[in-house]
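Please treat every number below as a calculation from the coordinates, not as lab data. Just so it is clear, the structure is predicted and the values come from calculations on it, not from any experiment. Please note: Cβ atoms are built from the backbone with ideal geometry, for glycine as well, and neighbour counts cover all protein chains shown.
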């Protein structure tokens, strides 16, 4: 099982990028006793049979890793959600994309720690590709939105160390502002 | 810390850019590539990534490329980090926790010697790209 909710998020967003999405939307919504997370992409999607197989930890997409026979991303999500009284819903359509939606009861003692969203978002924003990634974060107090394209337009790139440091400072200032 | 706007971020970058011009541009072609597959994430690759950036920041090194890749096939030794510098052999380090991530910056990038006990593999020639490409 992944150690934090943010690890699950990182895994799912990478799935979307690997599915060839040009747009990935990550919504992280905190309510008083609940957390809702959505990862929606316009990637290649899955048909019903593939979607069912993707829940099997011993299924992985042919060709991704020649000799590997495991695919743990979605099974780890299902396991975590089941163990902590949450719900997960995955919708997918070939050629249109995939939406993974899940929630947690934050009062449940088995809910994994949340993790560090701004550091996770930095890693995701900085991962390679031409895709757009939009992070929409809301709490009862406030909200913010960060777009990958905006960060790249502002900083030039998201791979030189100097720019990564600034991007992280930016992400952290958004998140800290919500908590205060 | 006040909430930054994109304009603030742009200004910070311009300030940093001015400092950069005065600095020695060594390490310009160095690349640190962190494996960020499911296996890497589960083993703490995000912490490693952030620790590497912290150390580069602490040392004022702004030119190194810090990139990510998927699973490099060494799930048993995650987090794995590949380091490519022009004047040293390319290497994949294994079991790179935050502390070892900092050592990659201090010892491999700055002092130019490799880190004992973490050398895991050499990069496969079919996936490695030349620095700067």
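Give the residue, chosen from B:33, B:53, B:104, that is touching a residue at least 40 places away in the same chain (Cβ under 8 Å) and either within 22 Å of residue A:172 (Cβ to Cβ) or touching a helix residue (DSSP H, G or I) at 6+ places or on another chain (Cβ under 9 Å) (or both).
After applying the criteria, what remains is B:104.
Results for (1) within 12 Å of another protein chain (Cβ to nearest Cβ); (2) in contact with a strand residue (DSSP E or B) (Cβ under 6 Å, 6 or more places away or on another chain); (3) surrounded by 20 or more Cβ atoms within 10 Å (Cβ to Cβ); (4) in contact (Cβ under 8 Å) with a residue 60 or more places away in the chain, shown as yes or no for each residue.
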| position | (1), (2), (3), (4) |
| --- | --- |
| A:99 | no, yes, no, yes |
| A:114 | no, no, no, yes |
| A:120 | yes, no, yes, yes |
| A:123 | yes, no, yes, yes |
| A:174 | yes, yes, yes, no |
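Those strands (runs of 3 or more DSSP E) of the range B:23-88 in which 1 or more residues are more than 8 Å from chain A (Cβ to nearest Cβ) and over 23 Å from residue A:155 (Cα atoms) occupy B:31-35, B:81-84.
Find all pairs meeting these conditions: Cβ atoms under 8 angstrom apart; at least six residues apart or on different chains; first residue within the range B:1-12 and facing another protein chain (nearest Cβ under 7 Å) and without any contact (Cβ under 8 Å) to a residue 24 or more places away in the chain; second residue part of a loop (DSSP other than H, G, I, E, B) and surrounded by 13 or more Cβ atoms within 10 Å (Cβ to Cβ). Sorted first by the residue in the range B:1-12, then by its partner, the pairs are B:12/B:4. Being part of a strand (DSSP E or B) and more than 8 Å from every other protein chain (Cβ to nearest Cβ): is that true of residue B:104 here? Here the answer is no, as residue B:104 does not meet what is asked.
Taken over the range A:127-162, the residue count meeting the criterion of being more than 7 Å from every other protein chain (Cβ to nearest Cβ) and within 24 Å of residue B:58 (Cβ to Cβ) is 4.
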